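The values are calculated or read from the model by the stated rules, or taken from the named source; none is laboratory data. None of the values given here were measured: they were computed from a predicted structure. Using ideal geometry, Cβ is built from the backbone for each residue, glycine included, and neighbour counts are taken over all protein chains shown. When the accessible area is computed, the model is the full protein with side chains, heavy atoms only, and any ligands, DNA or RNA have been set aside. Shrake-Rupley method; radii C 1.70, N 1.55, O 1.52, S 1.80 Å.
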Amino acid sequence: MAYSRNIYDNNGAGLEDTVYRYLCPVRKAGSIIGRGGEIAKQIRSDTKANMRINEAIPGCDERVVTIYSNSEETNRIEDDEDFVCPAFDALFKVHDMIVAEEFDNDGDYDNDDEYSERQTVTVRMLVPSDQIGCLIGKGGQVIQKLRNDTNAQIRVINDNLPICALALSHDELLQIIGDPSAVREALYQVAFLLYDNPSRFQNYFLSSSSTLQHQPGGILMSPAITSSHKNYSAPRDAADARVFSICFICPAENVGSVIGKGGCFINQTRQESGATIKVHTPETDEDDDCIIFISAKEFFEDQSPTVNAALRLQTRCSEKVGKDSSDSAISTRVLIPSSQVGCLIGKGGALISEMRSVTKANIRIFQGEDVPRIARENEEMVQITGSLDAAIKALTQVMLRLRANVFDMDRGLVLLPTFFPYISQTIETSSKPRHRKGENHHHGSVEIARNEDYGSQTNLKSPRRNRVY
């Protein structure tokens, strides 16, 4: 490759820093997997690249194929004079197999070159938004040159993303359409540009598990959120770590399921997530709401112990909604600092509208006297209501935006990897409505007092404006 590689940082990711995420139609996945995984194993063996083929997500007709390797240019594609890295080589083996499968399944295909050139091929790839600029260029000059040079239709799409992208990650979708030779040439040039301009956050994609299970009664969670918190071996500046916390409002009758018999569940969650979890009850009313406070000191690049623990506890801290007892809809309430409300609402309500649209959950932010009295003066309440799946996705998006805000990364990426391994979610929620208005009061603790991660308590008598978003 006659290019100088632009490495953004040296964060300990090692040489495995070339990553491609190719979207394979579900119906064609067999062409790159083979019986017993034989074809995928052969691709790995021939190219020396790593390849992960994510399981199909219900409702999505594409599967994410993550291809990655070190950046050393050791492979040669057919008669091409350029040497390429293993991931580049594997990308084109995958692409060629998928295209061949499409033509093989076409009953009219007669192996005539002129005929095949009249066929239309579509390639779709996920590209992080901090990497997509190398394909667009200033004023769109690069992407226009690619179109002119290859005669392919090349688009960058940042809305209506496939479900496998979740739209939470601020991924962009690159789409290339044209005859086979035009698409292949365009993909070739795109792959070069992505190689030379790696994403700063590609360690998120490399930290994912290679397997996925989907079972009834469970949810799909990202390994970059839920796997072990001890995942980063390179030395880093301790000053870069920040405390990130989430505060659930939990119905009093749910506390038992949060703690578990003899503290077994809460202790297991602490151990597996690495987060600190504290349970707090009010001093007076035994039937009042409780606080479940989750926190951890984290690095932005790492999996989040706080997010991990919160997702494990969400259903146990939530209430059932709806008259039908068999209805799986839940309502989750979270207290957030007043200073962070803006990162969820956005200019003109743009962000909260986007979250509602993406997750299909009802997300509301209560301020002033509409906030339950257990809240501190400088806290507002986010209420998420919807199906179990929608509520989990909405809470995930809310937490990732809050976390990015804590790390001053609001305008950067809020990355959520492109698939979710299974975590069992037992619905142990309260069906008792619990929305109170009134003055704030200091709450005691069953375990240990809630720390001051949100800042010191302000004057309780100061006026509050009433807003609901």
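Summarising the label geometry, the points placed 7 Å from Cα in the beta-carbon direction at ASP149 and ARG27 lie 3.4 nm from one another. Simple spin-label estimate for ASP237 and THR120 gives 5.2 nm between the two label positions (7 Å along the Cα-to-Cβ direction from each Cα).
Please compute the per residue accessible area over region 325-401 with all protein chains in place, 1.4 Å probe, rounded to a whole number of Å². Before the final figure, lay out each step's value.
Details: 2450 Å² over 77 residues.
On a per-residue basis, region 325-401 sits at 32 Å².
Accessible surface of region 247-312, 1.4 Å probe: 45 percent of it comes from carbon and sulfur atoms. On a per residue basis, region 35-79 carries 55 Å² of accessible surface, using protein heavy atoms and a 1.4 Å probe. When the Cα convex hull of region 32-78 is projected onto planes of every orientation, the mean area is 4.3 nm². Whole-Hz Karplus values for region 88-96 come out as 4, 4, 5, 4, 6, 5, 4, 4, 5 Hz, taken residue by residue from phi with 6.51 cos²θ - 1.76 cosθ + 1.60 and θ = phi - 60°; glycine and proline positions read x.
Where does each of 265-272, 392-399 land if you order them by average Cβ count within 10 Å, highest first? Show your work: numbers first, answer last.
Values: 265-272: 16.0, 392-399: 24.6.
Highest mean packing first, the order is 392-399, 265-272.
Once backbone amide H atoms are built at 1.01 Å from N, ILE157 has LEU173, LEU174, GLN175 as its partners under 5 Å, excluding neighbours fewer than 5 places away on the same chain.
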